[in-house]
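The values are calculated or read from the model by the stated rules, or taken from the named source; none is laboratory data. Predicted model, so just to flag it, every value in this text is computed and none were measured. As a convention, Cβ positions derive from the backbone with ideal geometry for all residues, glycine included, and neighbour counts pool all protein chains shown.
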Amino acid sequence: MVFVKILSSLVIVMCCSFLGLQAANAYALRVKELRMLRMAFAQLESEVINYATFLPEAVERVAALLHGGVKEFFCDFSRRLQKRSGDTAAEAWEKALNCWKKHLHITMEDTQILLTFGKVLGVSDRESQQRYFQIIQSQLGNQEQKAEEACLKYQTMYKNLGVLGGLALAIILL
Amino acid sequence: MEYSRWPSGVSWKRVILDALPENIQRVIDGIPQNIAESLEEIRIREGRPIVIHGRGKSYYLGTDGGLLSSPEKAYYVTHRDVQSILQRISNYSIYAVEEELRSGYITLRGGYRVGLAGKAVVEGGKIKTLKYINSFNIRISREIIGVADRIMRYLVSGTEVYHTLVLSPPQMGKTTLIRDIARQLSDGFPGFRGIKVGIVDERSEIAGCFQGIPQNNVGLQTDVLDACPKAEGIMMLIRSMSPAVIITDEIGKPEDVEAIEEALNAGIKIITTAHSSDIGDAQRRPILSKILDKKIFQRIIVLGNSLGVGTIEKIYDGHTLNNLLDRPIR
Ligand SMILES: Nc1ncnc2c1ncn2[C@@H]1O[C@H](COP(=O)(O)OP(=O)(O)OP(=O)(O)O)[C@@H](O)[C@H]1O
Ligand SMILES: [Mg+2]
């Protein structure tokens, strides 16, 4: 009987710690993803502004430099453009983003920024495209900073909360 | 003279449907076969019905592509349609087609031209770009095998080909003519054995390449540098393919002139075109006059429409500037 109790409390603690770790990890991942997005836009800007590469190809090239969910998002967007299924680039962007945002750790606010950018991507001359690229990069920079702060603030908290919560739960239940 | 049977009369659909949003695709795809085969223009204007032109007739189109003689039941083009077309023909990249917007048209794969109208943005007296584009003219160009039949003898002497310049106002058949000249020089014609021809096809209009393969008959011994800037393309052909003749459309930039001189020095003949109504007009244009002054061209052909589009109005001897024709031919 004692053995079962010890075993089940161990399981409870482990599960809670794991959940806590995941929550903490999400903060770190958001920072990482925002950073990668910013890099992706810098690369895309260079393809668009310096080489005037057509968007579907430019996005594909940039995707090759990325990984994880951000890569999948860019690949999906490029595929949609190449298939010409969506009527406009903005639609393709939105659909790709909606598809992949659940696999990313960015917030609603981050998503909104990306959605807004999608509406202007490709639809104007170089000069104004360059402005849009600068805006999105600085916006993402700000979000990144906020994300880093949140990460510092909450990461250890969630980790501890997981372990401690698990212990508390085990004590109460048993 | 015959309209080419290869590729079939409706091969334009593959490229042009791709440039249109789905609801307009349905309209255009529904055009009856016999009309589609001789279609020349599709006019798409925001808030108005689609109009097609061919063999001198025009029709409104219903939502299923049926031909209508009055606009009441026609398909009316929406703002969304227009935006979608613009995105598709620019490959979702307006920033990459700035130069085309300035010139007023975008060339699709295979050399189909889409003319554009909207609001011009002017800077320093020059058109910087077009905004609020709301009207498209999709031109379905077709090769006309044999248009050059009656003038080939003026362009060669024995085995030698003359440096030739074709002049005309817009839309008078320059591109159509040099396409057939390319085919005849390449394949040969009575009294002339075929030679190696190189085409620098900046806008894919001459050969109409689809993924590098000419869709128009430009001859068995013809190499095409597709979508290549003229001046660089000429240099490249000189080095790589050693053609006897280089054919290219619409010269007008200073670097084009340099490239032509380079070809001359390499002993290669040049056949090209320029926008101009006649020699006098050409002499008033800075770059054209420079070439004319150098007396590079041995033959200068002037096209017009005194007997219909594509009329050969005059063929000048480039040195004496005598007209070799008694009267216009078509
Ligand atoms: N000899 C001809 N007979 C009948 N139609 C012709 C003839 N030559 C050209 N055309 C038609 O006239 C139209 C314009 O021809 P083309 O594109 O060759 O002209 P262009 O002078 O090169 O025009 P642009 O100035 O726009 O380059 C095309 O639709 C073509 O099919
Ligand atoms: Mg032409």
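Restricting attention to the stretch B:19-28 and to residues that are within 14 Å of chain A (Cβ to nearest Cβ) and without any contact (Cβ under 8 Å) to a residue 60 or more places away in the chain, the residue that is farthest from B:Val51 (Cα to Cα) turns out to be B:Glu22. Pairing residues of the stretch A:123-151 that are more than 14 Å from chain B (Cβ to nearest Cβ) with residues that are aromatic (Phe, Trp, Tyr) and surrounded by 17 or more Cβ atoms within 10 Å (Cβ to Cβ), at Cβ distances under 6 Å and at least 6 apart in sequence or on separate chains, gives A:Ile136/A:Phe41; A:Ile136/A:Phe117; A:Gln137/A:Phe41; A:Ala150/A:Tyr27; A:Cys151/A:Tyr27. Please work out which residue is surrounded by the most Cβ atoms within 10 Å (Cβ to Cβ), limiting yourself to the stretch B:227-249 and to residues that are within 16 Å of ligand 2 (Cβ to nearest atom) and not aliphatic (A, V, I, L, M). By that ranking, first place goes to B:Thr248. Only strands (runs of 3 or more DSSP E) whose full extent lies in the stretch B:29-99 are considered here, and the ones with at least 1 residues that are more than 14 Å from chain A (Cβ to nearest Cβ), surrounded by fewer than 21 Cβ atoms within 10 Å (Cβ to Cβ) and touching a Ser or Thr at 6+ places or on another chain (Cβ under 6 Å) are B:39-45, B:51-54. Filtered by the rule that a residue be in a loop (DSSP other than H, G, I, E, B) and away from ligand 2 (no atom under 16 Å from the Cβ), the stretch B:130-150 gives B:Gly146, B:Asp149, B:Arg150. Selection of the stretch B:151-175 for residues being of a type in the set (A, V, I, L, M, F, W, C) and within 15 Å of ligand 2 (Cβ to nearest atom) yields B:Leu165, B:Val166, B:Leu167, B:Met172. Would you check if there is a residue in the stretch A:52-66 being farther than 16 Å from A:Gly118 by Cα, within 10 Å of another protein chain (Cβ to nearest Cβ), outside any helix (DSSP H, G or I) and touching a residue at least 60 places away in the same chain (Cβ under 8 Å)? The answer is yes; a qualifying residue exists. Taking the criterion of being within 16 Å of ligand 2 (Cβ to nearest atom) and either modelled with pLDDT of 95 or more or aliphatic (A, V, I, L, M) (or both), the only residue of the stretch B:250-270 that qualifies is B:Ile251. Scanning the stretch B:148-172 for residues that are crowded, with 21+ Cβ neighbours inside 10 Å and within 8 Å of ligand 1 (Cβ to nearest atom) returns B:Ser168, B:Met172. Every condition in (1) closer than 23 Å to B:Asp317 by Cα; (2) more than 16 Å from ligand 1 (Cβ to nearest atom) holds for B:Lys196 except the one numbered (1). The set of residues in the stretch A:1-25 that are loosely packed, with under 15 Cβ neighbours inside 10 Å and among the small types (Gly, Ala, Ser) contains only A:Ser8.
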